[in-house]
Amino acid sequence: MVPAWLCLLCLFIPQAFPGAQPAEVYVDVPENYGGNFPLYLTKLPLPRKETEGQIVLSGDSGVAAEGPFAVDPQSGFLLVTRALDREEQAEYQLQVTLETEDGRVLWGPQHVLVHVKDENDQASGHQATATVDVSIVENTWVPLDPVHLAENLQVPYPHHIAQVHWSGGDVHYHLESQPLGPFDVDKEGKLYVTRELDREAQAEYLLQVRAQNTRGEDYPAEPLELHVVVMDENDNMPVCPPRGPAISIPELSPPGTKVAKLSAEDADAPGSPNSHVVYRLLSPEPEEGAEGRAFELDSTSGSVTLGAAPLQAGQNILLQVLVIDLGGAEGGLSSTCEIAVTIMDINDHAPEFTTSQIEPLSLPEDTEPGTLVTTLMATDADLEPAFRLMDFAIEAGDVEGTFGLDWEPDSGRVQLRLLKNLSYEAAPSHKLVVVVRSVAEPVGPDPGPGATVTVTVLVERVTPPPQLDQESYQASVPVSTPAGSLLLTIRPSDPMSNPLRFSLVNDSEGWLCIEEVSGEVHIARALQGAQPGDKYTVLVEAQDADEPTLSTSATLVIHFLKAPSAPTPTVAPEPSRHLCTPRQDRGVVVGGPRGDPDLAGGHGPYSFALGPNPTAQRDWRLRALNGSHAYLTLGLHWVEPREHVVPIVVSHHDRVWQIQVRVIVCRCNVEGQCMRKVGRMKGMPTKLSAVGILVGTLIAIGIFLILIFTHLTLARKKDLDQPVDSVPLKAAV
Ligand SMILES: *[C@@H]1O[C@H](CO)[C@@H](O)[C@H](O)[C@H]1NC(C)=O
Ligand SMILES: *[C@@H]1O[C@H](CO)[C@@H](O)[C@H](O)[C@H]1NC(C)=O
Ligand SMILES: *[C@@H]1O[C@H](CO)[C@@H](O)[C@H](O)[C@H]1NC(C)=O
């Protein structure tokens, strides 16, 4: 654009002094010039080499040139910014120097004389100049080359980036930025960036500059476009992906198992080193002495895999990965990313008992079903609660189901319980094999010997203590009962049980005695001091004859009754009964007194005793059956067979009866029954007829004998007539 201007300027420069030595420059300026300002006057003869200096323009007396003159630092033209008036000032003395910032003069001073010409009658000449302006516009309003600007540029702002120029009067520049950006244009068409740019916010701008007249109307020309390209700087560090939940990896996973892929973002220009990130594993560090790392990281792809070093179930590991841009080169920006990894448990451990063998246990035979035999403990080395659930079973030794197991699946504690009665005879010992298994499907080797435990249970034989036929005994006796009277007999409840030995524990009065073997309780001495209505309680002890440690006891309560003034006659004789002798295992039941009006409804309780007749006491035994009946048996092995009348004293509270019991004792036949029964058979002869028969029989025998003797006598008479040696010897007897 400068050459076009020079053509115009030649009109105003009749005299110039080009040359190395700064001779004075003379410039003519028409007064009241009606074209556009600034008006370029002349190119100053500035030296080409000295580009660093600053052009300084000063006025006549060396002070700065206030007012209408200036020098365009780019082109080196002297220009005037407004119209000059010759009447106001006809000449201007200027000087131009090139100086460093600290005021050292590099070149100059160049003196310039500006002369204001009187141009009153040259208005038509300006019209012609306006035509030339059009061609100048076409030359200066040319497309601009793209501008490359570094982001974050540290320079004073606003910062000049380009220049446009519309050659015409009264131009006003209007700038638009697509998208909106920190750009500005000043009156002179200088484009500025007003603050730092950020490529990551906006990488390119399209600026459009329009030339407008003072009324804000566009000059009829396309707007000038300027591409501003923001150049990348490595001002963004790599950004880690958000940390997600922990990644679960099953334990015992082989090396090379994929764990995660880390991909960090870098906002700097894609494809440039500024966004080229590489990865480095910071932690976990390899363990001392381990054969490798637990994790391997591919530095390019960021993928994490399992390494050779083993990991334990339940471990929580935080991987720390350093991400560096510039491909890891010196000066790259970095971030540390974290990946949480949890090593999941698998069911690779079988549960095991804490003891493999336990001492034999003894259980008494009478242990109640449900009793706890023993508690076994098992453990499982897995961590996951679901893998620690256990099942137990008795695998051998309990075909009958005598034992059972009770457990809570998650406790590891199992109770061995007795379910059925034990029997020493059936099985004196049990050898139970208990096994434990994991509820969840196990992984890995089969359970070892620790999954089995053997429990030996020994059954202890139990002999039950003796039992008596009553829990307590009662008897009522008149205070006058003589010594030796049988009171009652204490017996075992089971006659087949071991024999017992009886004793009285606390018979402090010495009134009673008990037969050690039979259990018969007798009055030992006269009941002196006993008062009717009193009670006397003694404790009877019964010991097992074979095992004296086994014993039992019962109370015997004796109620004393008033002595019968004279034993009341028999209420009613008991009907007779039969017993055979020698003594058999039989007796007769004796009831209470019949016809007793007070007791007609109830039966007792009575107490029974043999009457105080020594023969009766010797020959008979009486035992209470219950409150209303007693049992009478022979007291001796042999009792004379005949009819006996047995006196029995029956008492109830303080009332006493004596009853006579008729018992017919007969001989026993082979079946142990009374022979007398035959004599009762119908059609048998009476005594008289029997005597008749006997006499008749004897007479018949006598006749028979007479006949024989007669016959023998006749025969001997015949023999006497015969020779002697013919007589048989036997006949001589
Ligand atoms: C077990 O023994 C008890 C007491 O000895 C007895 O009462 C029960 O009936 C017995 N049970 C079985 C099933 O034999
Ligand atoms: C004997 O012992 C029993 C039970 O302890 C008791 O009730 C009774 O009074 C005692 N008898 C005498 C005479 O001490
Ligand atoms: C007592 O025993 C006798 C003979 O065994 C029997 O007939 C009677 O019913 C029994 N009385 C009571 C109250 O048990």
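The values are calculated or read from the model by the stated rules, or taken from the named source; none is laboratory data. In this text, all values refer to a predicted model and were calculated from it rather than measured experimentally. Heads up, the Cβs are rebuilt from the backbone with ideal geometry, glycines too, and the neighbour counts pull from every protein chain shown.
I'd like to know if the stretch 311-322 contains one or more residues that are surrounded by 14 or more Cβ atoms within 10 Å (Cβ to Cβ), under 28 Å from Glu200 (Cα atoms) and either touching a Gly at 6+ places or on another chain (Cβ under 7 Å) or among the hydrophobic types (A, V, I, L, M, F, W, C) (or both).
Checked the stretch 311-322: at least one residue is surrounded by 14 or more Cβ atoms within 10 Å (Cβ to Cβ), under 28 Å from Glu200 (Cα atoms) and either touching a Gly at 6+ places or on another chain (Cβ under 7 Å) or among the hydrophobic types (A, V, I, L, M, F, W, C) (or both).
Given the conditions (1) assigned to a loop (DSSP other than H, G, I, E, B); (2) within 16 Å of ligand 2 (Cβ to nearest atom); (3) surrounded by 14 or more Cβ atoms within 10 Å (Cβ to Cβ), and given that Ala440 satisfies all but one, which numbered condition is not satisfied?
(2)
What's the total number of residues in the stretch 492-538 that are within 60 Å of the chain's Cα centre (by Cα) and of a type in the set (Gly, Ala, Ser)?
2
Can you pull out the residues in the stretch 617-629 that are crowded, with 18+ Cβ neighbours inside 10 Å and more than 16 Å from ligand 3 (Cβ to nearest atom)?
Gln617, Asp619, Trp620, Arg621, listed by residue number.
Since Val112 meets every condition but one in (1) under 21 Å from Asp170 (Cα atoms); (2) modelled with pLDDT of 80 or more, which condition does it not meet?
Condition not satisfied by Val112: (1).
Given the condition modelled with pLDDT under 85 and out of contact with any strand residue (DSSP E or B) (no Cβ under 9 Å at 6 or more places or on another chain), answer yes or no: does some residue in the stretch 652-669 qualify?
Checking the stretch 652-669: not a single residue is modelled with pLDDT under 85 and out of contact with any strand residue (DSSP E or B) (no Cβ under 9 Å at 6 or more places or on another chain).
Can you confirm whether the stretch 375-384 contains a residue that is loosely packed, with under 13 Cβ neighbours inside 10 Å, of a type in the set (S, T, N, Q) and away from ligand 3 (no atom under 16 Å from the Cβ)?
Yes, some residue in the stretch 375-384 is loosely packed, with under 13 Cβ neighbours inside 10 Å, of a type in the set (S, T, N, Q) and away from ligand 3 (no atom under 16 Å from the Cβ).
Against the conditions (1) buried (at least 17 other Cβ atoms within 10 Å of the Cβ); (2) in the same structural domain as Lys261 (by TED's automatic domain parsing), where does Gly397 fall short? Just the number, please.
For Gly397, the failing item is (2).
Taking Val435 as meeting all but one of (1) farther than 27 Å from Glu251 by Cβ; (2) modelled with pLDDT of 90 or more, write down the number of the exception.
Every listed condition holds for Val435 apart from (1).
With (1) among the small types (Gly, Ala, Ser); (2) modelled with pLDDT under 90; (3) within 16 Å of ligand 2 (Cβ to nearest atom); (4) in contact with a Ser or Thr (Cβ under 7 Å, 6 or more places away or on another chain) as the list, and Gly592 as the residue in question, which single condition is left unmet?
Among (1) among the small types (Gly, Ala, Ser); (2) modelled with pLDDT under 90; (3) within 16 Å of ligand 2 (Cβ to nearest atom); (4) in contact with a Ser or Thr (Cβ under 7 Å, 6 or more places away or on another chain), the lone unmet condition for Gly592 is (3).
Need at least 3 residues that are among the β-branched types (Val, Ile, Thr) per element, so show me which strands (runs of 3 or more DSSP E) inside the stretch 272-327 make the cut, counting only ones lying wholly within it.
Here the list reads 316-324.
How many of the residues in the stretch 415-437 are outside any loop (DSSP other than H, G, I, E, B) and farther than 11 Å from Phe392 by Cβ?
7
Do you know which residues across the stretch 537-575 are β-branched (Val, Ile, Thr), at pLDDT 90 or above and under 18 Å from Ser497 (Cα atoms)?
Once the filter is applied, which keeps residues that are β-branched (Val, Ile, Thr), at pLDDT 90 or above and under 18 Å from Ser497 (Cα atoms), the stretch 537-575 yields only Thr552.
Does Thr402 qualify as being of a type in the set (Ser, Thr, Tyr), within 16 Å of ligand 1 (Cβ to nearest atom) and either over 30 Å from Pro242 (Cα atoms) or loosely packed, with under 15 Cβ neighbours inside 10 Å (or both)?
For Thr402, the condition - of a type in the set (Ser, Thr, Tyr), within 16 Å of ligand 1 (Cβ to nearest atom) and either over 30 Å from Pro242 (Cα atoms) or loosely packed, with under 15 Cβ neighbours inside 10 Å (or both) - is met.
Just to be sure before I move on: is Ile648 out of contact with any Cys (no Cβ under 9 Å at 6 or more places or on another chain), modelled with pLDDT of 75 or more and part of a helix (DSSP H, G or I) in the structure I sent?
When the stated conditions are applied, Ile648 does not pass them.
So is Ser362 of a type outside the set (D, E, K, R), surrounded by fewer than 19 Cβ atoms within 10 Å (Cβ to Cβ) and outside any loop (DSSP other than H, G, I, E, B) or not?
yes
Is it the case that some residue within the stretch 609-627 is modelled with pLDDT under 80, within 22 Å of Pro492 (Cα to Cα) and either among the acidic types (Asp, Glu) or outside any strand (DSSP E or B) (or both)?
Yes; the residues of the stretch 609-627 include at least one that is modelled with pLDDT under 80, within 22 Å of Pro492 (Cα to Cα) and either among the acidic types (Asp, Glu) or outside any strand (DSSP E or B) (or both).
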